[in-house]
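Okay, structure first, notes after.
The values are calculated or read from the model by the stated rules, or taken from the named source; none is laboratory data. All values reported here derive from a predicted model rather than from experimental measurement. Please note: Cβ atoms are built from the backbone with ideal geometry, for glycine as well, and neighbour counts cover all protein chains shown. For the accessible areas, the whole protein counts, side chains as well, though only heavy atoms, and no ligand, DNA or RNA atoms are used. Shrake-Rupley method; radii C 1.70, N 1.55, O 1.52, S 1.80 Å.
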Amino acid sequence: MIALDSSSEAARTGEFLFGVQDMHCAGCISALERALSALPEVVSVRVNLTNRRIRILADTETEPERLAQCIRETGYTPIQLDADSIRLVSTTPQSQGLLVRLGIAGFGFANVMIYSVVVWSGAEGTTRDLMHWLSAFVALPVIAYAAQPFFLSALRVLRNFRLNMDVPISLAIILASGQSLFETAQSGQHAYFDAALALVFFLLSGRYLDLQTRMTARSAAAQLSAIEPDTTTTLAEGKEVNRPIGEITEGATIIVRSGDRIPLDGEITTGSGDLDNSFLTGESRPESVKQGDQVVAGQFIHTGRLEIKVTRSSANSSLRRLVKMIELAESARNRYTTLADRAASIYAPAVHLLALLGFFGWLTATGDTRLSINIAVAILIITCPCALGLAVPAVSAATTGRFFRSNLLIKDPDALEKLAGVRRAVLDKTGTLTLGIPIIDRVSGIHPQALAVAGALAASSRHPYAQAIHNHVMESAIPLATLDKVVEIPGSGITGIWNDQEVRLGRSDWVGAGSTGHSATWLRLGGDVFHEFRFIDRIRSGTRECIKGLQDLGIETILMSGDTEEAVRALADTLDIDQWFATARPEDKMAMIDKLTRQDGMTLMVGDGINDAAAMARSDISITPSSALDVTRVAASVVLVGDDVSRIPEAIHLARLAKRRVLENFTIAGCYNAVAVPLAMAGLATPLAAAIAMSTSSIAVTLNSMRMR
Amino acid sequence: MESIIPLITVTLLGGLLWLVIMVWAIRNHQYSDPEGDAHRILQTDYDDEPGDPSA
């Protein structure tokens, strides 16, 4: 039995995956791999820099948090990923299969080219026939295997009586092979095996690049999906226990403390505290709550310990309803047809029409069926959309790579093109342009001694206003006053004893200063001496550059926030934005976006709150900082890692550049067709001419695309 | 004519050998992390048993 227990080492190792966005060099790889393999429970570590992931094999008993801690101590930010769900969305087997097909097509292409060179250099009679037979012997099995993705895709759309790019491609490949085989059997002069293989090879390269781009997008999406808190503390028979949120029923009591996010809707039964609503409403001012108040899922607790009687279970919670609203908004979004799809819908019928025209033209003129078929095949091969199939994927692969390197994760594969067409940008305030962290507005007129007391009172609190005061005092290098009996009363303020007098820092009515309309905190220094502290929201680094950059690109900027009119106007003034909307509810934001998306050009929405999520899902394209909640990150089409919003205009500029490259590539392909198609129609396109023309145009568009890197 | 036969055999076999190596390399995940490999070549500590980067 003992022998069975200790059976194999491998059985007891589990797989752990972490996404680490901030690693980028050889030093990062060594540092992380060395630090992690130093842990005794770790069996093997491997960093994948392309996907920004670390795969760790370790004892199944290992706490993932211990590994995450190790990564954090090395100086990086890990996101734990679920290995099973990552494997579900992984395209690795698919991309490997495509790479094998590409390799085989390359092998066939190279060999058949060697035989073709013999024919082109003037081989006659049996030598030419031998070369043709050899080509057929290599080309036919290679095509049968390597071109399967095109055949399958063409079959799929033909079953639905539609056309896509793969229909003319498959037709060209099959017809060219069939015609070449027939010509070979007849000892004919022209065989197009090399051209058919060239098509397969070039188009598979495009397909591979396309898959890589999608994989980057998909792995980015997977890294950001659902990291919801899944357990919460609940009271069971008077004891505190941890339970999954899904199991908590209505009427149960849950306990949340400062620093937690409220997981479920409910009513406070015991305790009081200060809540942050900024993710829900966009309002930057903390809200004080006490026993009997209603709370909703998603609110963040700055101070206090609350016992909450759950009024709605997880399935009905307001957070869940918002997610539903986002899904609904997403399904109502206009379907976008990509540039490549639009080009294909014109191109595919045109190619078939030209080939048919060539066939019947030559048939009526000469009456020679074999010659007419040869001409039709030559037209199909010449017009085959190498440039389309290769140019667009090459540009998007190069651009996505550049976005990835500058910490922009593209989740929606169409996002690049839509970003290029952005005409107006709607920006959220709290958490997007501002940090949602208050700083003191003005302190002139407050005595340093008062500051010293306020700083000392505020030192231990987690309330954002208290932290702002404390930070300000520390920065001003004022020594803190010595206090006794400092007590924080969540929802009201902080009290303490200074020079035998009671001092209070907190809400105006609690301090005794009477009630004022401002979002201010008051300090009472014994007797009737009051000091007022006012706060403003700190502007994110790069916000100014972002607005300036957008305006320079000719993009209309609109500020839309759920915060008070006063706060929004102040920000709009400092940032020089003329259009702004305050106290906007999620429904208002969505309605506004709906109105804007009906206008010409694309509407970009930048936001981070749950209240922005529905509007973001409805807009043409949306960007969110990675600090946003998962609901919002799921709704966004582009995620900005880090908090530098000045990258947004840069991204739009890059997307516009990419679109220009695609259009250039279409022009190159168009010029090539304008020359080659008449030649093919005239019956002048020999296999040699086809091979040269096809290779040069493909190489030209690829090189042009590579300029994006 | 006869001189072509060995040449054809050599090119075909050479091509097939290259193909086998390529498929082996792909199955060994040597194309799974091109960016990482580009950086790893600069490292001085040599890793005899690199893990599987497929994830």
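Out of A:Arg633, A:Arg660, A:Arg709, I need the residue that is modelled with pLDDT under 80 and over 17 Å from the mean Cα position of the chain (by Cα). Which one?
Working: A:Arg633 fails: over 17 Å from the mean Cα position of the chain (by Cα); A:Arg660 fails: modelled with pLDDT under 80.
It is A:Arg709.
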Checklist entry - How many residues does the stretch A:155-196 hold that are more than 31 Å from the chain's Cα centre (by Cα) and part of a helix (DSSP H, G or I)? => result 26
Checklist entry - Pairs under 6 Å by beta carbon, first residue in a strand (DSSP E or B) in the stretch A:1-26, partner modelled with pLDDT under 55, six or more apart or different chains? => result A:Leu17/B:Ala55
Next on the checklist: Just the residues that are open to solvent by 20 Å² or more (accessible area, probe 1.4 Å) and of a type in the set (S, T, N, Q), please, taken from the stretch A:393-411.
Outcome noted: A:Ser396, A:Ser406, A:Asn407
Checklist outcome for this item: Selection over the stretch A:34-71 where residues are acidic (Asp, Glu) and modelled with pLDDT of 85 or more yields a count of 2
Checklist entry - So how many residues does the stretch A:46-58 have that are open to solvent by 20 Å² or more (accessible area, probe 1.4 Å) and either in contact with a helix residue (DSSP H, G or I) (Cβ under 6 Å, 6 or more places away or on another chain) or outside the structural domain of A:Val20 (by TED's automatic domain parsing) (or both)? => result 2
Item to check | One residue from A:Leu435, A:Leu419 being buried (at least 24 other Cβ atoms within 10 Å of the Cβ) and touching a residue at least 40 places away in the same chain (Cβ under 8 Å) | outcome: A:Leu419
Checklist entry - Of the residues A:Leu199, A:Leu99, which single one is over 23 Å from B:Val10 (Cα atoms), assigned to a helix (DSSP H, G or I), open to solvent by less than 50 Å² (accessible area, probe 1.4 Å) and within 14 Å of another protein chain (Cβ to nearest Cβ)? => result A:Leu99
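Would you pick out the residues in the stretch A:581-606 that are surrounded by 17 or more Cβ atoms within 10 Å (Cβ to Cβ) and under 10 Å from A:Gly562 (Cβ atoms)?
As a first pass, look at the stretch A:581-606 and keep what is surrounded by 17 or more Cβ atoms within 10 Å (Cβ to Cβ): A:581-582, A:584, A:586, A:589-590, A:592-593, A:596-597, A:602-606.
Once the filter is applied, which keeps residues that are surrounded by 17 or more Cβ atoms within 10 Å (Cβ to Cβ) and under 10 Å from A:Gly562 (Cβ atoms), the stretch A:581-606 yields A:Phe581, A:Ala582, A:Ala584, A:Pro586, A:Lys589.
Across the stretch B:33-44, what is the total count of residues that are surrounded by 15 or more Cβ atoms within 10 Å (Cβ to Cβ) and within 7 Å of another protein chain (Cβ to nearest Cβ)? First the steps, then the outcome.
The initial filter retains those residues of the stretch B:33-44 that are surrounded by 15 or more Cβ atoms within 10 Å (Cβ to Cβ), namely B:33, B:35-37, B:39-40.
Within this subset, residues satisfying the condition of being within 7 Å of another protein chain (Cβ to nearest Cβ) are B:33, B:35-36, B:39-40.
Count: 5.
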Next on the checklist: Please list, ordered by residue number, the strands (runs of 3 or more DSSP E) wholly in the stretch A:232-277 having 2 or more residues that are in contact (Cβ under 8 Å) with a residue 60 or more places away in the chain.
Outcome noted: A:273-276
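Determine, yes or no, whether A:Asp265 is acidic (Asp, Glu) and in contact with a helix residue (DSSP H, G or I) (Cβ under 6 Å, 6 or more places away or on another chain).
Working: acidic (Asp, Glu): yes; in contact with a helix residue (DSSP H, G or I) (Cβ under 6 Å, 6 or more places away or on another chain): yes.
Against the criterion (acidic (Asp, Glu) and in contact with a helix residue (DSSP H, G or I) (Cβ under 6 Å, 6 or more places away or on another chain)), A:Asp265 qualifies.
How many residues does the stretch A:107-123 contain that are within 12 Å of chain B (Cβ to nearest Cβ) and open to solvent by 10 Å² or more (accessible area, probe 1.4 Å)? First the steps, then the outcome.
Within the stretch A:107-123, the subset within 12 Å of chain B (Cβ to nearest Cβ) is A:107-115, A:117-118, A:123.
Filter once more, keeping what is open to solvent by 10 Å² or more (accessible area, probe 1.4 Å): A:107, A:109-110, A:113-114, A:117-118, A:123.
Residues in the stretch A:107-123 being within 12 Å of chain B (Cβ to nearest Cβ) and open to solvent by 10 Å² or more (accessible area, probe 1.4 Å): 8 in total.
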Next on the checklist: On the basis of being polar (S, T, N, Q), at pLDDT below 85 and open to solvent by less than 50 Å² (accessible area, probe 1.4 Å), does A:Ser219 make the cut?
Outcome noted: yes
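Pick from the stretch A:611-653 the residues that are among the acidic types (Asp, Glu) and in contact with a Leu (Cβ under 8 Å, 6 or more places away or on another chain): which of them is surrounded by the fewest Cβ atoms within 10 Å (Cβ to Cβ)? Don't jump to the end; show me each part of the working.
First, pick out the residues of the stretch A:611-653 that are among the acidic types (Asp, Glu): A:612, A:620, A:630, A:643-644, A:650.
Among the residues that remain, those that are also in contact with a Leu (Cβ under 8 Å, 6 or more places away or on another chain) are: A:620, A:630, A:643.
Numbers: A:Asp620: 23, A:Asp630: 14, A:Asp643: 17.
Within the stretch A:611-653, the match that is surrounded by the fewest Cβ atoms within 10 Å (Cβ to Cβ) is A:Asp630.
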Next on the checklist: Looking only at the stretch A:124-140, filter to residues that are within 12 Å of chain B (Cβ to nearest Cβ) and under 50 Å from the mean Cα position of the chain (by Cα); which one of those is surrounded by the most Cβ atoms within 10 Å (Cβ to Cβ)?
Outcome noted: A:Ser135
Item to check | Index of the failed condition, A:Thr74 passing every other in (1) away from chain B (no Cβ under 12 Å); (2) modelled with pLDDT under 85; (3) crowded, with 17+ Cβ neighbours inside 10 Å | outcome: (2)
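Would you call A:Ala454 outside any loop (DSSP other than H, G, I, E, B) and touching a Ser or Thr at 6+ places or on another chain (Cβ under 6 Å)? It would help to see each step written out before you state the result.
Working: outside any loop (DSSP other than H, G, I, E, B): yes; touching a Ser or Thr at 6+ places or on another chain (Cβ under 6 Å): no.
No.
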Next on the checklist: Of the conditions (1) closer than 17 Å to A:Ala520 by Cβ; (2) modelled with pLDDT of 80 or more, A:Ile446 satisfies every one except a single condition; which number is it?
Outcome noted: (2)
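Are there strands (runs of 3 or more DSSP E) fully within the stretch A:495-564 with at least 2 residues that are at pLDDT 85 or above and either within 40 Å of the chain's Cα centre (by Cα) or loosely packed, with under 15 Cβ neighbours inside 10 Å (or both)? List them. Let's see the steps before the verdict.
Numbers: elements: A:501-506, A:520-525, A:530-539, A:556-560.
Because the criterion is at least 2 residues that are at pLDDT 85 or above and either within 40 Å of the chain's Cα centre (by Cα) or loosely packed, with under 15 Cβ neighbours inside 10 Å (or both), the strands (runs of 3 or more DSSP E) in the stretch A:495-564 that meet it are A:556-560.
Considering each of A:Val296, A:Val241 in turn, give the residue that is farther than 27 Å from A:Ala458 by Cα and buried (at least 17 other Cβ atoms within 10 Å of the Cβ).
A:Val296
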